[in-house]
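What follows is a single structure, written as structure tokens, with notes after it.
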Amino acid sequence: MLVKKPVRNKKKLSSPAPQALWAKMDGGRLLTNESGCHAWVSEKDFARVISGRIAEGDPLFAELSAAGFVRGRMDLDGLAAKWRTRNEHLSYGPGLHIMVLTLRCNHKCLYCQSSAAGEGAKKTDMSLKTALKSVDFAFTSPNPAITIEFQGGEPLLNWGTLTAAVKYARKKAAASKKELKLALVSNFTLMTEEKARFLLENEVSICTSLDGPADLHNRNRIYAAGNSHAGAVKWIKYFQKKHGNQVPEYRIFKSSALLTVSRYSLSRHKEIIDEYVALGLEDIFIRPLAPIGYAKGLWEKIGYTSQEFTAFYGKCLDYILELNRRGIVIREKMASMMLEKILNFREPGYLDARCPCGAAIGQIAYNYNGDLYTCDEGRMVGWEGDDIFRIGNVFKSTLKGALSSPAARACVVSSNLEAQPDCSRCAYKPYCGVCPVFNYEAQGSLWGNMRSNDRCRLFKGVFGVIFSKLRRAGDKEIMEKWTVKNEGR
Amino acid sequence: MKDVKSGKELIFETAVYSKEAVELAAYVFSGSCGVKVLPGKSATRVLLDGAADPESLAGKLANEALNQQCRIDLAKKNSRIAGIIVTKALLSACGEKTQAKNKGK
């Protein structure tokens, strides 16, 4: 094969058309490139960069060369290594396996994306046979690290199947030598000491929803039989205490909580973050609402614009950084994951912001009846009557068959940023990802149209906030520490 | 874009818009109203019929046609790298090894 020789610039100036993507930011330009390197330049310098008028002796020349922005001065091996590390998800199979143990739920959350059925609904529980077959299916993934996440509905409503699946998965892991992580997402209202003990002894990590102070949480998360917030707080404290008193027999993971931002949250960023800090939670994931499931029908009431979310996100990050300066440990999860890509060139396992997205190749959702979906969001669309994201069934399909399904292939192709008109030239491309399910629900096609896509605007807003903070030395120093935590994950 | 008896008519010049781009755009809106694509030599015409807000829908369809055309144009330039990424992702997920023909460079 013919190998091109590196370009030598005889004029000792940077060559025109730098290898860069760019965005206007804070009166200057943010430059990024395919390897994930970034740099800031003033508008004046940007004009020089673009026209190739930066002389070799200029300090900016050295800075941009080192980051791979100057054609002819690129360390191709080093940059390729960075690209490979940041895109290592391309080399593994699905690692996240979401098992929907039941569609039943005792909550009626305003924004519910899980398409939950009422607590008394029939024939919406996963049978033991389906659960065990789903575990078998998960272990056919070539990924050496498997995470099985038990979800619902409310998974504790199908406790017998949950315990059997946990034990079976542990046995499978021991036999297959794969690394296995088990996770439970529960609202905690049905948690008991006995159940908690089982989960701890089997090293199941625990996650719940916490939307902030009691009035806000309970407004979003309606629980007719009691106080949802009180239940969540009680068991967060319980698991925090257990985490603090480790035992030699098994590892006790720190429990975590998920925040879903509704319109009601927008004016209350400090109270929400204070609630997390007061409970000793060290991570808060400021997750935007998506117009999928019940939220779609209630969007006028509980939804917001991408600009409103970005403003909220910016205020949250300001406050979190202020708390960090006061010595309080609290990190924002989305920023942490993006920083992992921006600063460390590593893939943090954030399936929503990958290229291609995690649908089918990074995760699979197992419905209660054994149907397989590209992701949990795809399953919700199925529950609404449109099975476009269904990729098979655990009893009838193989992994290869599921990944060869039209839905899986279409999601991989349509979420490839190289084939998305706006994304392919976006400064945030090295760190971002599109969601075919969102595109389909909001814009009627898997590809979407990024020019008028709310998710795109929202992600651009979030990246804008993160990069603005990175420009300030003090904030950057704090945010760098957030990624150090990820290393010990 | 012009008003016709039953709704709106959009005209896409074939010099800019391929028939494929217009058809893809029309498909996106086929659930919202009646959409009829009429290919012609110099232009592809699209008839929208029975839309609740024909003006707005016609604008959205025009945007979508532009988006689809840009995507088709981009695919001509980027199809190789896009294909490599998709193939690598799907084959790896199936557990099949992909072999780099150019030794990883």
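Over chain B, what number does the Rg to Rh ratio reach, with both radii from the alpha-carbon atoms and Rh per Kirkwood?
Value, to two decimals: 1.20.
With viscosity set to 0.692 mPa s at 37 °C, what whole-number translational diffusion coefficient in µm²/s follows for the range A:10-112 from Stokes-Einstein and a Kirkwood radius over Cα pairs? Intermediate values should be presented prior to the final figure.
Numbers: Rh = 16.6 Å.
Answer from the Stokes-Einstein relation: 197 µm²/s.
Could you tell me which trypsin sites (Lys or Arg not before Pro) in the range A:314-407 are loop residues by DSSP with no more than 13 other beta carbons within 10 angstrom of their beta carbon? Provide the component values of the computation, followed by the final result.
On the way: sites: A:Lys315, A:Arg325, A:Arg326, A:Arg331, A:Lys333, A:Lys341, A:Arg346, A:Arg354, A:Arg379, A:Arg390, A:Lys396, A:Lys400; in loops: A:Arg326, A:Arg346, A:Arg354, A:Lys396.
Answer in residue order: A:Arg326, A:Lys396.
For A:Thr102, which sequence-distant residues (separation of 5 or more, or a different chain) have an amide H within less than 5 Å of its own amide H, given hydrogens modelled in the peptide plane?
Placed amide hydrogens put A:Met126 under 5 Å from A:Thr102.
So which trypsin sites (Lys or Arg not before Pro) in the range B:1-59 end up in coil per DSSP with only 16 or fewer other C-beta atoms within 10 Å? Kindly include the intermediate steps, with their values, before the conclusion.
Numbers: sites: B:Lys2, B:Lys5, B:Lys8, B:Lys19, B:Lys36, B:Lys41, B:Arg45; in loops: B:Lys5, B:Lys41.
Those that pass, being in a loop and sparsely packed, are B:Lys5, B:Lys41.
Using only the alpha carbons, work out the radius of gyration and Dmax of the range A:58-150 in angstrom.
Expressed in Å, the Cα Rg and Dmax of the range A:58-150 come to 23.6, 72.
Quick one, can you get me the convex hull of the C-alpha atoms of the range A:107-217 expressed as volume per residue in Å³?
Values: hull volume 13.9 nm³, N = 111.
That works out to 125 Å³ per residue.
With n ≥ 4 as the cut-off for DSSP H runs, can you work out [θ] at 222 nm for chain A, using -39500 (n - 2.57) per run divided by the number of residues, rounded to the nearest 500?
On the way: 19 runs with 202 residues, N = 489.
Per the formula, -12500 deg cm²/dmol.
Under Stokes-Einstein, with the Kirkwood radius over Cα pairs standing in for Rh, what whole-number D in µm²/s applies to the range A:306-454 at 20 °C and 1.002 mPa s? The partial results should precede the final answer.
Working: Rh = 16.9 Å.
It diffuses with D of about 127 µm²/s by this estimate.
Enumerate the amide H contacts of A:Leu21 below 5 Å, restricted to partners 5 or more residues apart or on another chain; note that Pro and chain-start residues carry no placed amide H.
A:Thr32, A:Asn33
Which order do you get for A:Ile252, A:Ile222 if you rank them by accessible area with a 1.4 Å probe, largest at the top? Don't jump to the answer; show the numbers that get you there.
Numbers: A:Ile252 10, A:Ile222 75 Å².
Accessible-area ranking of A:Ile252, A:Ile222, largest first: A:Ile222, A:Ile252.
Cut-off under 18 Å on the C-alpha distance; same-chain residues fewer than 8 positions from A:Lys108 excluded. Which lysines are left, in chain and number order?
Output for A:Lys108: A:Lys122, A:Lys296, A:Lys301.
Extending each Cα 7 Å along its Cβ direction at B:Glu96 and A:Lys129, get the distance between those two points in nm, one decimal.
3.2 nm
Would you mind giving the mean number of other chain beta-carbons within 10 Å of the Cβ of each residue in A:396-402, as a whole number?
Details: counts 0, 0, 1, 3, 6, 1, 2.
Mean partner-chain Cβ count within 10 Å for A:396-402: 2.
Whole-Hz ³J(HN,Hα) for each residue in the range A:277-289, computed from phi via Karplus 6.51 cos²θ - 1.76 cosθ + 1.60 with θ = phi - 60°, x for glycine and proline: what do you get?
Calculated HN-Hα couplings, in order: 4, 4, 8, x, 7, 9, 10, 10, 9, 7, 9, x, 7 Hz.
Give the angle, between 0 and 90 degrees and rounded to the nearest 10, that separates the Cα long axis of helix B:19-28 from the longest principal axis of the Cα atoms of chain B.
Once rounded, one gets 80 degrees.
Hey, got the dipole for chain A? About the Cα centre, +1 on K and R Cβ, -1 on D and E Cβ, debye to the nearest 20?
Values: 71 positive and 50 negative charges, 221 e Å.
It comes to approximately 1060 debye.
With a 1.4 Å probe and all protein chains in place, put A:Val329, A:Val261 in order of accessible area, largest first. Intermediate values should be presented prior to the final figure.
Details: A:Val329 80, A:Val261 0 Å².
Highest to lowest solvent-accessible surface, that is A:Val329, A:Val261.
Averaged across the residues of B:73-83, what count of C-beta atoms belonging to other chains lies within 10 Å of each residue's C-beta? The partial results should precede the final answer.
Values: counts 1, 8, 3, 0, 2, 7, 2, 1, 5, 8, 4.
Taking the mean over all residues of the peptide, I get 4.
Over the whole of A:358-364, what's the average partner chain Cβ count within 10 Å per residue? Rounded to a whole number, please. Walk me through the numbers on the way to the answer.
On the way: counts 0, 0, 3, 8, 2, 0, 1.
Mean number of neighbouring Cβ atoms from other chains: 2.
Once the Cα atoms of the protein assembly as shown are picked out, what are the Rg and Dmax in Å?
Every Cα atom of the protein assembly as shown included, Rg and Dmax give 25.2, 79 Å.
Once amide H atoms are built 1.01 Å from N in the peptide plane, which residues 5 or more positions from A:Gly93, or in another chain, come under 5 Å H to H?
A:Asn143
What are the ³J(HN,Hα) couplings of the range A:168-173, residue after residue, when phi is run through the Karplus curve with 6.51, -1.76, 1.60 and θ = phi - 60°? Round to Hz, x for glycine and proline.
5, 5, 4, 5, 4, 5
Give a residue-ordered list of calculated ³J(HN,Hα) values for the range A:298-314 (Karplus: 6.51 cos²θ - 1.76 cosθ + 1.60, θ = phi - 60°; whole Hz; x for Gly, Pro).
9, 4, 4, 8, 10, x, 7, 7, 4, 5, 5, 5, 4, 4, 5, 4, x
Name the residue farthest towards the positive end of the dipole of chain B from the options B:Ser6, B:Ala75, B:Ser30, assuming +1 on Cβ of Lys and Arg, -1 on Cβ of Asp and Glu, about the Cα centre.
Checked the options; the winner is B:Ala75.
Could you compute Rg(Cα) / (2.2 N^0.38 Å) for the range A:375-489, with N its residue count? Could the numbers behind the result be given before it?
Values: Rg = 17.9 Å, N = 115, 2.2 N^0.38 = 13.4 Å.
In units of the globular-protein estimate, the range A:375-489 measures up at 1.34.
The values are calculated or read from the model by the stated rules, or taken from the named source; none is laboratory data. Nothing here was measured: the structure is a model prediction, and the numbers come from that model. Reconstructed Cβ throughout: ideal geometry from the backbone, glycine too, with neighbour counts over all protein chains shown. To get the accessible areas, we keep the full protein, side chains included, count just its heavy atoms, and leave off ligands, DNA and RNA. Shrake-Rupley method; radii C 1.70, N 1.55, O 1.52, S 1.80 Å.
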